[in-house]
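Enquirer: So that we are looking at the same thing, I have put the structure below in structure tokens.
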Amino acid sequence: PMADATRMVATTPARAIGLGDQLGALQVGLRADLVILDDELNVVRVLRAGSWQE
């Protein structure tokens, strides 16, 4: 399911490289990285280190 796949690609890589305390979740104190996709999974917007990318 999409929800499971999303969770895996968001959290597993950060933990695997030892950065789970800095990345991989949307919570206070962690680096704010986010990708917004449309219904066809095209990238709509990117938030990197708390700043929207143009």
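The values are calculated or read from the model by the stated rules, or taken from the named source; none is laboratory data. Note that this is a predicted model, so its numbers are computed, not measured. Because the Cβ atoms are built from the backbone with ideal geometry, glycine has one as well, and the counts that use them run over all protein chains shown. For the accessible areas, the whole protein counts, side chains as well, though only heavy atoms, and no ligand, DNA or RNA atoms are used. Shrake-Rupley method; radii C 1.70, N 1.55, O 1.52, S 1.80 Å.
Enquirer: Considering only residues of the stretch 32-46 that are in a loop (DSSP other than H, G, I, E, B) and more than 19 Å from residue 8 (Cβ to Cβ), which is nearest to the chain's Cα centre (by Cα)?
Expert: So in the stretch 32-46, the residues in a loop (DSSP other than H, G, I, E, B) come out as 32-33, 38-42.
If we keep only those that are more than 19 Å from residue 8 (Cβ to Cβ) too, we end up with 32, 38-40, 42.
Numbers: 32: 8, 38: 15, 39: 17, 40: 18, 42: 15 Å.
My answer is 32.
Enquirer: Here's a follow-up. May I ask you to list the residues in the stretch 1-12 that are over 17 Å from residue 48 (Cβ atoms) and open to solvent by 80 Å² or more (accessible area, probe 1.4 Å)? Write out each step before concluding.
Expert: As a first pass, look at the stretch 1-12 and keep what is over 17 Å from residue 48 (Cβ atoms): 1-8, 11-12.
Across the stretch 1-12, the qualifying residues are 1, 2, 7, 8.
Enquirer: Just give me the residues in the stretch 22-45 being open to solvent by 50 Å² or more (accessible area, probe 1.4 Å) and either touching a strand residue (DSSP E or B) at 6+ places or on another chain (Cβ under 9 Å) or in contact (Cβ under 8 Å) with a residue 12 or more places away in the chain (or both), in sequence order. Talk me through it step by step, then tell me what you get.
Expert: Let us first name the residues in the stretch 22-45 that are open to solvent by 50 Å² or more (accessible area, probe 1.4 Å), namely 22, 26-29, 31, 33-45.
Listed by number, the residues that qualify are 26, 31, 33, 34, 35, 36, 37, 38, 43, 44, 45.
Enquirer: Do we find a residue being surrounded by 11 or more Cβ atoms within 10 Å (Cβ to Cβ), part of a loop (DSSP other than H, G, I, E, B) and modelled with pLDDT under 90 anywhere in the stretch 13-21?
Expert: Yes, that holds for at least one residue.
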